[in-house]
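The values are calculated or read from the model by the stated rules, or taken from the named source; none is laboratory data. On a predicted model such as this, the values are computed, not experimentally measured, just so you know. Glycine gets a Cβ as well: all are built from the backbone with ideal geometry, and neighbour counts include every protein chain shown.
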Amino acid sequence: MKLPFAEPYKIKVVESIRRSSREERRKWIGDAHYNLFQLHSEHVFIDLLTDSGTGAMSDQQWGAMMTGDESYAGSSSYYKLKDTIEEITGFDYFLPTHQGRAAENVLFSVLVNEGDIVPGNSHFDTTKGHIEFRRAITNDCTIDEAFDTTLIHPFKGNVNTEKLEKVLQEYGDKVPFIILTLTNNSAGGQPVSLKNMHDVRKLADKYNKPVLFDSARFAENAYFIKIREPEYRDRTIREIVHEMFSCADMMTMSSKKDAIVNMGGFIAMRDPELFRQCSVFNIMFEGYITYGGMSGRDMNALAQGLNEGIDFDFLETRINQVEYLGQQLLDFGIPIQQPIGGHAIFIDAKRFFPHIPKEEFPAQTLANLLYIEGGVRGVEIGTLVADRDPVTRENRYPALEFVRLAIPRRVYTNNHMDVVVAALKNVYDNREEIKTGLRITREAPIMRHFTVEMELA
Ligand code: F0G
């Protein structure tokens with residue numbers, strides 16, 4: 001008999017979570033203006049809002065925290081982290097930041113100017129925010145296959161190199177760099193193939209442009225390369241990661257994802273001149289270059305977490321848990337982005353609620369109903385996140401309207417996944433009784449989804 005699959009760790013510390021009633025949840029979500037970001041976390045039973053900063057650190061990481069060096073300048077924790085980053089990514093220079101968007105802020109302060117065009121594969125919302133804030137724009141060159149959730153393609157995170165070349169030809173000097181987001185979060189935690197990375201590198205060389213990797217989930221991307229790209233089947237995750245980063249000139253990292261820490265980020269690069277320019281902004285916005293928004297103990301935990309995050313057994317368990325959840329939803333006919341991604345299930349709200357008009361935020365409506373049904377908190381990645389066009393101020397309606405159920409690393413068991421499945425099935429079975437969605441009563445001028453207030457339409 002084949003031995004069943006199990007986590008390569010056991011539980012040493014637990015944190016209590018509390019069940020609640022539907023009546024309580026209806027009140028709480030109303031008080032939160034139908035915005036799940038505004039809920040108190042103790043009113044959530046299973047929190048799948050994000051996999052960012054919500055992972056469980058290991059005993060080795062907690063142990064490393066005790067030996068953090070809190071010197072303002074030149075701490076041993078900084079050098080330990082520097083060596084780890086260099087060993088894993090091959091980048092010689094690095095700057096710590098307090099999280100991923102801070103890395104974007106520092107790097108884009110050097111590289112992005114008004115009127116620029118930044119092409120890539122579905123820029124994450126903070127990336128897009130930091131580009132648009134500088135009066136530049138993004139250009140999404142993701143392959144068309146990514147926008148049909150029923151279509152099976154092993155690398156839906158890929159860039160369409162013809163689209164990319166067209167942008168490079170058309171806008172020339174206005175393109176400061178090409179960005180690849182690994183994995184492509186907005187398209188459903190979908191990986192980019194190594195072949196695509198090499199193809200992008202070739203185009204970048206042809207047009208003399210640097211390549212930036214937004215590397216938040218680089219290890220999950222490497223796992224998919226090993227599993228789905230036949231030439232890399234026999235390579236270790238470490239070898240694949242090395243080859244991936246050989247295609248880039250620089251990276252931004254939100255360490256809160258694949259490096260399994262609760263806070264932290266960094267920028268890494270090959271070019272010493274870029275490092276010097278970024279250092280100025282890092283000192284202004286984040287902190288001195290050997291801590292940049294992180295304490296010594298946090299840098300120690302991050303160095304350890306980077307190594308744990310690229311462990312094959314860990315990655316296999318984690319991605320199989322996401323698959324376990326997704327496969328049950330598929331068995332019930334619930335429409336999700338396929339193939340199932342690395343860190344989350346993305347429910348296709350347009351197919352779930354075809355009768356709710358896009359103006360009434362079907363994905364946000366679904367996220368609300370799932371919370372009321374099971375105390376499960378997901379997040380809208382659709383029209384709210386797509387925000388308004390910076391020029392016309394009209395709502396942008398993205399091709400995909402998702403509810404994302406992001407699975408924190410090493411936190412929930414498959415029993416929790418079973419609760420999510422049952423709650424979502426109940427909402428799905430009653431979907432025709434839901435006639436209307438939501439409308440906005442108050443919103444911020446940029447990144448509105450965090451603070452938006454809504455009412456029943
Ligand atoms: N890039 C990607 C691909 C991300 O998913 C995120 C954050 C960031 C950059 C920014 O990093 O949060 O550390 O400032 N994603 C989180 C999420 C928030 O829920 O997907 P940060």
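At a glance:
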item: Strands (runs of 3 or more DSSP E) lying entirely in the range 173-275 (those with 2 or more residues that are within 22 Å of the chain's Cα centre (by Cα) and over 26 Å from Pro339 (Cα atoms)); result: 250-254, 265-269
item: Residue list for the range 30-78, filter: surrounded by 15 or more Cβ atoms within 10 Å (Cβ to Cβ), aliphatic (A, V, I, L, M), part of a loop (DSSP other than H, G, I, E, B) and touching a residue at least 24 places away in the same chain (Cβ under 8 Å); result: Leu39, Val44, Leu48, Leu49, Ala56, Met57
item: Unique residue being within 16 Å of the ligand (Cβ to nearest atom), assigned to a helix (DSSP H, G or I), out of contact with any helix residue (DSSP H, G or I) (no Cβ under 7 Å at 6 or more places or on another chain) and over 19 Å from Leu180 (Cβ atoms) when the list is Asp313, Asp298; result: Asp298
item: Positions within the range 374-429 being within 18 Å of Phe45 (Cα to Cα) and in contact with a Lys or Arg (Cβ under 7 Å, 6 or more places away or on another chain), in sequence order; result: Gly375, Gly378, Val379, Arg409
item: Ala216 being at negative phi, at pLDDT below 95 and within 16 Å of the ligand (Cβ to nearest atom); result: no
item: Flag if Ser193 is away from the ligand (no atom under 16 Å from the Cβ), in the same structural domain as Leu212 (by TED's automatic domain parsing) and either among the small types (Gly, Ala, Ser) or within 15 Å of Arg217 (Cβ to Cβ) (or both); result: yes
item: Answer from Phe177, Phe224 - the residue that is of a type in the set (Phe, Trp, Tyr), touching a helix residue (DSSP H, G or I) at 6+ places or on another chain (Cβ under 7 Å) and farther than 15 Å from Phe124 by Cα; result: Phe177
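A quick yes/no check of all residues on (1) touching an Asp or Glu at 6+ places or on another chain (Cβ under 8 Å); (2) over 21 Å from Lys82 (Cβ atoms):
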site: Arg201; (1), (2): no, yes
site: Phe213; (1), (2): no, no
site: Glu220; (1), (2): yes, yes
site: Phe224; (1), (2): no, yes
site: Glu229; (1), (2): no, yes
site: Ala248; (1), (2): no, no
site: Asp258; (1), (2): yes, no
site: Met263; (1), (2): yes, no
